[in-house]
Amino acid sequence: MKEQPEHKDSLDKLLDSIIGKDRQEIDQKVAWENIQHRVFYGNRQGYFSQKGPRAARFTVAASIAGVMLVLGGILAYFLVYKALQPEELTTVTYPADAIVLTLPDGEQINLSDVEAAAKVKEAKLAVAINKKGLVYTGGSGEHRLRVPEGQQYKVTLTDGSEVWINGGSAIRYQVGFPERDRGVQLKGEAFFKVRKKPEKPFIVHTRKMEIKVLGTSFNVQAYEEDAEAVATLVEGKVKALQNAREQELQPGQQVVARENIAMEVHNVDTEIFTAWIDGKLRFENKTMEALLLQLERWYGLEIVCGDTALLRQRFTGQFSEESIEQVLDYLKVIEEFNYTVNKNEDGKKQILIRP
């Protein structure tokens, strides 16, 4: 439906008053009363919006004739969001290629900046920054970390658990884990090496499932724009939870979760799914469509391919320090195609693939 700008301000104020606040502090009765007394028209991108060159983008739109239906839908969206989904992680004001740590008071530190260590010291955080990443020695409050495409970053949490975060990902956690469990919220991909603590389970929350562990090593891939979330167990034991369903994994197994579909378990070569933490780009029998998305995240660029036949072809390979051009040249030997390198309108490197 077409947007009507004259009502956009009302929509923005309404959504900001409901969704923009901390979910723990919102009075649901007051929120509903506010909705009943406001009529608006327009659109706004929300939590379930997706990004990426091939992802659909969804908006909220309303008409005066059906306003109560839409208002009720927005309230339902808010309630479901609060009850079932991880909260929005962070809106970053730094450049898109910066690794950003957001502190409880909203202050942001650019960890890609050489002065980041000094800023952390100035903020009196119990955190050390070294060549291996971020190491917590204490502290409290909620921290949020964003790692852009084309980069990886490691975090050692206060309990000694280690997290390797892949490009295009964001993670949210309570420093010191004051709750009954050690919970983190993940958008994207991360490898976890969890310190054993039987009395306090470690839980990874994603949009499509949760992974509950006591002490183990596993990889989770749960990018917002992907249709599925995937957890791969390297050692130990984990439980995958989706709604009321529960699935236990053994080492060498992988669970795949999709919305409104029962979880699936497969036996896999775990090294294929964890090679990235050693700086290796590895893929096996992967469609060109899925591979191009992986390459976008690995190199931090955009790839456009309109050849549907090529997108269905499957490839196997492994790379480490090769450039994107070297990878594409390798793929060209297997399946013939041409490509050009440009910049898109945002100044980001863009690969155009054609027959």
Checklist line | Per-region count, region 285-327, residues of a type in the set (A, V, I, L, M) and either assigned by TED's automatic domain parsing to the domain that holds Ala170 or over 21 Å from Asn166 (Cβ atoms) (or both) | finding: 4
Next item on the list: Taking the options Val230, Val256, Val204, name whichever one is among the β-branched types (Val, Ile, Thr), touching a Phe, Trp or Tyr at 6+ places or on another chain (Cβ under 7 Å) and crowded, with 17+ Cβ neighbours inside 10 Å.
Entry: Val204
Margin query: Condition first: among the hydroxyl-bearing types (Ser, Thr, Tyr), assigned to a strand (DSSP E or B) and surrounded by fewer than 21 Cβ atoms within 10 Å (Cβ to Cβ). Now tell me which residues in region 147-159 satisfy that.
Written below: Thr156
Notebook entry, point to check: Filter region 132-146 for residues that are farther than 17 Å from Arg182 by Cβ and either outside the structural domain of Gln174 (by TED's automatic domain parsing) or not in a loop (DSSP other than H, G, I, E, B) (or both); which is modelled with the lowest pLDDT?
Noted result: Gly133
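The values are calculated or read from the model by the stated rules, or taken from the named source; none is laboratory data. Model, not experiment: these values are computed from the prediction. Here the Cβ is made from the backbone with ideal geometry for all residues, glycine too, and neighbour counts use every protein chain on show.
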